[in-house]
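Inspection log for the structure reproduced underneath, given as structure tokens.
Just so it is clear, none of the values below were taken in a lab; they were calculated from the coordinates. In this text the structure is predicted, and so the values were computed from the model without any measurement. Reconstructed Cβ throughout: ideal geometry from the backbone, glycine too, with neighbour counts over all protein chains shown.
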Amino acid sequence: MTQDISAPAWSLTPAMAMVLRGMERAARVPLHTLSPSQARAAYAAACDVLEVDRPAVARVQDLSIPARDATALPARLYAPSADAVLPALLYLHGGGFTIGSIQTHDILCRTLAQRSGCAVVALDYRLAPEHPFPTAIHDTCDALAWLVAQGTSLGLDTQRLAVGGDSAGGTLAAASALWARDVGLPLALQLLIYPGTCAHQDTPSHARYARGLVLERATVDWFFGNYLRSLADREDWRFAPLLADDVEGVAPAHFCLAELDPLVDEGLLYADRLRMAGVAVGLDIYQGVTHEFIKMGRALPEARRAHADLAQALRAALF
């Protein structure tokens, strides 16, 4: 990854600049030059390096959730209390629909559970290119429906549910919130951490931050080349929620965006679209940091502040 952290438009925080220098020194092979299996292994090997310490939670339970084609989807429940009936967040990990897993986002899910007081159910939806669009959104909607039907047996309050995720997981959260509205499944919140929402990655921020800031244009193109089967898939609102005909009546949203991120403009556009439809929207933009910052809490105070802000948004919506 070529770094140019002196570029004046980037206004990196000192800590973020130090993280980028460390990445440059490590000389990691760009994900888009690897096979999907190699990229998954590389991401998994590096995922915890900048994370906060792994929080302890009272209860961790591995689950199996049936998809519509009878595939058993791995999931993991994190509960900060062993006996109370808790509201729950269904969490979808990031990774361009190609990489990432429950394990790569284990610390983040533990952190959200511990700090918010709600349970978190993390889903291992199926990944591309082995499982292209729309498998991931089908898996997400199936898991949400299962959680409503079976959550009480897990000690969850199925009348107090949220959906959330980061990056591609944010896309899945936004799209599944629209689906939930359409099928009459009540959600209290959609928690959207730098979500992808547009069809063609043609916003100014995609051009401005195309190289050198963690998520590069070549990697975005590689992710979506793996995930999408055709141009028609790009025009599907389940990939690009900005294209939904109507967003009125969808669950309230809380956005967590990074200033120096190719996805920041489409996050802002979707927040504006929701507001225009009368949806309650909370929005935090963390200055001087990049995509993936939420998983850099050991190095970045902005990540630790975002953890607290996300937990507060969950508490406000679910308690």
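Among the residues making up the range 20-41, those that are in contact (Cβ under 8 Å) with a residue 24 or more places away in the chain and under 17 Å from Ala128 (Cβ atoms) are Leu31, His32, Pro36, Ala39, Arg40. Taken together, the residues in the range 265-287 that are surrounded by fewer than 24 Cβ atoms within 10 Å (Cβ to Cβ) and either closer than 12 Å to Pro204 by Cα or aliphatic (A, V, I, L, M) (or both) amount to 11.
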